[in-house]
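Take a look at the structure below.
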Amino acid sequence: MHGLGVFLGCLVLGVTAIAAIGSVAASVTTAIKEDARDLLGGDAEVRLAYRSANSSEREFLTQSGSLAEVATMRAMARTEDGTRRSLIELKAVDAAYPLYGEVELSPPQRLDTALSRRGQAYGAAVDPAILARLGLAVGDRIKIGEAILQIRATIVREPDAATGGLIFGPRVLISAEGLGETGLIRPGALVNHHYRLRLSPGVDPAAWANSARAAFPEAGWQIRSFSEASPSLQRLLDRVGQFLSLVGLTALLVGGVGVGNAVGNYIAGKTVTIATLKCLGASNRLLFATYLIEVLALAIASIAVALVLGALAPVVAAPLLRGALPLAIRFAIHPAPLALAATFGLLTTLIFSLWPLAGVGRISAGALFRDTVDRTGRRIPPAILATTAVLVAGLAGLAVATAHDQKVALWFVGGALAAFGLFRMAGAVLLWVARRLGRPRRPALRLALATLHRP
Amino acid sequence: MTTSLHPGGPLVMLDDLQLTLGSAAGPVNILRGISLEIGAGEAVSVVGPSGSGKSTLMMVLGGLERPSSGKVRIDGVDLGDLDEDSLARLRRARIGIVFQSFHLLPTMTALENVAIPLELDRRVDAFTAAAEALATVGLDHRRMHYPSQLSGGEQQRVAIARAFILGPKLLLADEPTGNLDGATGSLVIDCLFDQHARHGTTLVLVTHDPAIAERCDRQIRLMDGRIVEDRRMARGRIAGIGRTG
Ligand SMILES: Nc1ncnc2c1ncn2[C@@H]1O[C@H](COP(=O)(O)OP(=O)(O)O)[C@@H](O)[C@H]1O
Ligand SMILES: [Mg+2]
C-alpha cells in the first residue's frame, strides 16, 4: 500500500485547498450577512447625493421607524497653525447614530461625549493615521473648514466603515453640530446624506425599500436594505473566492496526475499477483472492481482528512483576516463548500485512476508460464473511455455551475483541457523521436530511451 | 457442477492448432498445426527441447493465449466462443495450473493461498475446505506460514493443493519440479499423482525428466511447434507408483 503514499498526498492537498477556500469564503459571507445591519448602520439606508431630504421625504422616513442621519464628504484637515494638512473623509453623525453596533474609541468613552461641545470647541474622533500625518496627539486641535475641533479620541472600530464605498482618506468623526460650524455645507457642496432606519418591528426591509421607491419615484435616492448590505465587499469576496477556487482546482488536477501515476505504479507492482489471480479464474471485471474499491477506499479516507483540514481553515484564517476586514469571523462548519470539495476530489480520483486501473485487463496471465509478465497491446476498453469522458464533463460542468463568474470558469475548463491535450501530444512526440533514434551506443542514453518507450 | 457436454468423449480436443506471434524479427510460428485428443482421466506428459512450444501449448490449453487458427475444445466447450471473463470462469471451474515457479501470492499464508479459488467461487466454507486440502498434501502444520517461510517443495505442494481445490477436470503442470532438487522433486511428483488419482483429473504434465514421464499413461514429444511423437507408455499406471489412495 505504501506505493500509494503519493496518491494520498496529492488528493489530500488538492481537496484541502478547495475545501479551505470554500469554507473561508462561506465564513466571510456569513459574517457579512450577520454583521449586515452593523455594516449598513440600519435595517435600511436611504442615500441622497449632494442634497438633504426635503420635508415630505423626511416625514416619510421618520414615520417608518427610528432615524439616524449621517453626512459624509471629503474635506481638508489642517493643524491650527495651518502648516500641515491632510485630505480626510469627514463623517458627521447625529445623536441617534449608530443604530446598530458600537463605535469603539481610544481612550474608551461614549461617542456623544467625545463629539460634544466643550468650551469653544466641538470634539472629533479620528483615524490614528491623522495624528501621525499632522504630528498631533489626542487633546490637540485641528481645523476643518472654519471650525476648530478638539481631537478627543482615536477610532478603534467603526461598525459601518465598509459601507461608504471607496474611502480615500482617513476618517474623521464629528457631530452634526460640529459640521455646521465648519461652514462646509453650502449649496452645491459634495455631501452625501445617509438616512439610516431601524424599521418598526415586523416590517420587511426589502419590502419597505420597494414602498419607499414607489412613494418617491422622483427623489433620486438610493435605497439599500440590510439584506443587500455591502455589495462591494461581497463582490470582492466572490471574485477572490473564485480565483482561489480555480487555483485550488488546478492544484487538484495536478494532484490528479499524481493520483493516476500512483495508481498505475501500484497496478504495475501487482502484475504477478494479478496474473496469478487470472490463472486461478479471476475475471478482468472482478480484478478491476477489486482495485477500484481499494482506490476508492483510499480516496474517501484522504478526502475525509482533507475535509477536516478544510473545515478548520476559517479558524486559521480568522486572525489573519481580522486586520483586513471590518468583520468578526465566527467558526461554523459550512457543509456546501465541503460537499463540493469532496465531489471534486472523488471525480478527479475516478477520472485519473480509471485509465490506469483498466491496465489490469492488459496484463497477460499466460506469460507466467515463461516466468515473465507481458502486457498485451490492447486498447483501453470503450466503456472506460466513455465513463471517463462523462466524468470529465461532469467535473467541468460542476466547476462552471458552481463558479461565481461562469465565463471565467469556462475559460479555465478550456485551458485545462488544452493543457492536458498539449502534454499528451508532447509525450507522444517524445516517444516517436525516441523510437526513431533507435538504440544509441552510450549505455546510459540507451537505458534512458528504453525506459521511455515501453509498449 | 461441471458436467461434461460430451460424456465419454475426449476432455481435450485440439484441431490443427497454429500460433504465430509477432516479434521484433518478424512473425514467429510457435505452434504449427497441433491436433490432439486427450481422454478424461488420462495422464499425459509433454516432452521436448527447450523452446519447442511446450509452455505455449499449456497457455493455449489454459485459455490464456488464443491460437491464430485451429480449434481448442476443453470438456466440450469451444474456447474460441468465449470472451475473456468466460474463459476466466472456465479456468476457475475446470482447470488447475501448477507452475515451475510456484506463484503463490507472497502476502498470503499457505491457507489463504489455497482458499483463493474457493473465494473466487464464493464458497462460504473456503477456509475449512482449504485446511482439509492442505492436510492432504501433508502441510497441515504449515497453514499460517507465508510462502517466504516455506521451502521450495512445500511451496509447490501448497500450489498443488490450490490447483486441485475445486476438483478441476484438467490439470496443467509446467515443469513442476524444474526449480527443485531430485529428492524434493520426487516428493512433489508423488503429491501431484496422488491428487490426480484422488480427483480423477486429466493431467497434462510438461517435464524434462524421463522417470516422471514414465509414470504417465502417454507421452507427447514436441519439436519446433509440432508433435513428433505420441505414444502409450508400457508401464504407466500398471506400476502404480505414487498411488497411495
Ligand atoms: N512473446 C513472444 N513472442 C515471440 N516469440 C515468443 C514469445 N514467447 C515465447 N516465444 C518463443 O516461442 C517459442 C516457444 O516457447 P515456449 O513455449 O516457452 O517453449 P518451451 O516451454 O517448450 O521451452 C520459443 O522459441 C520462444 O522463443
Ligand atoms: Mg517452458
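The values are calculated or read from the model by the stated rules, or taken from the named source; none is laboratory data. Bear in mind the structure is a predicted one, so any value in this text is a computation, not a measurement. Every residue, glycine as well, gets a Cβ built from its backbone with ideal geometry; the counts of neighbours run over all protein chains shown. For the accessible areas, the whole protein counts, side chains as well, though only heavy atoms, and no ligand, DNA or RNA atoms are used. Shrake-Rupley method; radii C 1.70, N 1.55, O 1.52, S 1.80 Å.
Run the Debye formula on the Cα coordinates of the protein assembly as shown, all scatterers equal and no solvent, and tell me log10 I(q)/I(0) at q = 0.08, 0.09, 0.11 1/Å. Calculated log10 I(q)/I(0) at the listed q: -0.76, -0.87, -1.13. Figure note: A:Val433, A:Val6 ranked by solvent-accessible area, largest first, 1.4 Å probe, ligands and nucleic acids not counted: A:Val6, A:Val433. With respect to chain A, whose longest principal axis is taken over its alpha-carbon atoms, helix A:406-437 is tilted by about 30°. Of all DSSP bridge pairs formed entirely within the range B:96-245, close to 45 percent run antiparallel.
The residues A:Arg133, B:Arg162, sorted by heavy-atom accessible surface at 1.4 Å with ligands and nucleic acids left out, run A:Arg133, B:Arg162 from largest to smallest. For the range A:333-395, the set of trypsin sites (Lys or Arg not before Pro) satisfying both a DSSP loop assignment and a count of at most 10 other C-beta atoms within 10 Å is empty.
Between the exposed loop cleavage positions of chain A, defined as chymotrypsin sites (Phe, Trp or Tyr not before Pro) in a non-H, G, I, E, B DSSP state with at most 15 neighbouring beta-carbon atoms within 10 angstrom, the longest gap is A:169-330.
For the peptide A:281-292, the mean number of other protein chain Cβ atoms found within 10 angstrom of a residue's Cβ is 4. In chain A, the longest principal axis of the Cα atoms and the axis of helix A:382-401 are about 10 degrees apart. Extension gain, A:Ile384-A:Arg85: 0.36 nm per intervening residue step, less the Cα-Cα distance, totals 100.4 nm. When the scattering of the range A:42-226 is computed by the Debye formula from its Cα atoms alone, each counted once and equally, what is log10 I(q)/I(0) at q = 0.15, 0.17, 0.20 Å⁻¹? Results for the range A:42-226 at q = 0.15, 0.17, 0.20 Å⁻¹ read -0.86, -1.07, -1.37.
Binning the C-alpha pair distances of chain B at 5 Å intervals from 0 yields a P(r) profile of 1, 6, 14, 18, 19, 17, 13, 8, 3, 1, 0 %, listed from the shortest bin outward.
Listed by chain and number, the lysines whose alpha-carbon sits under 26 Å from that of A:Lys278, ignoring those within fewer than 8 places in the same chain, are A:Lys270, B:Lys54, B:Lys71, B:Lys169.
Tell me the angle of helix A:335-358 to the major Cα principal axis of chain A, expressed in degrees between 0 and 90 and rounded to the nearest ten. Approximately 20 degrees, to the nearest 10.
Summarise the partner chain shielding of B:79-85 as one whole number: the mean count of Cβ atoms from other chains within 10 Å of each residue's Cβ.
2
Lys and Arg at +1, Asp and Glu at -1: add these up for the other residues within a Cβ distance under 11 Å of B:Leu170 and post the number. Mind dumping the intermediate values first?
On the way: positive: B:Arg91, B:Arg94, B:Lys169; negative: B:Glu42, B:Asp75.
Net of charged neighbours comes to +1.
Chains B and A together bury roughly 2000 Å² of accessible surface, counting both sides and using a 1.4 Å probe on protein heavy atoms. Report summary: the helix-based calculation at 222 nm, which adds -39500 (n - 2.57) for every DSSP H run with n ≥ 4 and divides by the residues of chain A, gives -18500 deg cm²/dmol. Measure off, as a whole percent, the carbon and sulfur share of the 1.4 Å-probe accessible area of the range A:139-273, all protein chains present. Accessible surface attributable to carbon and sulfur in the range A:139-273 totals 58 percent. In this structure the range A:15-73 gives 35 Å² per residue of accessible area when probed at 1.4 Å with all protein chains present. When all protein chains stay in place and ligands, DNA and RNA are ignored, the 1.4 Å accessible-area order of B:Ser69, B:Ser50, B:Ser55, largest first, is B:Ser50, B:Ser69, B:Ser55. Where in chain B are the helices, taken as whole DSSP H runs, whose Cα atoms extend 24 angstrom or more along the long axis and whose Kyte-Doolittle mean reaches at least -0.5? The qualifying helices are B:182-199. Restricted to Cα atoms, the range A:1-87 shows a radius of gyration and a Dmax of 25.9, 79 angstrom. Putting +1 on Lys and Arg Cβ atoms and -1 on Asp and Glu Cβ atoms, find which of A:Leu134, A:Ser52, A:Ala189 reaches farthest to the positive end of the dipole of the range A:42-226. Result: A:Leu134, furthest along the dipole toward the positive end.
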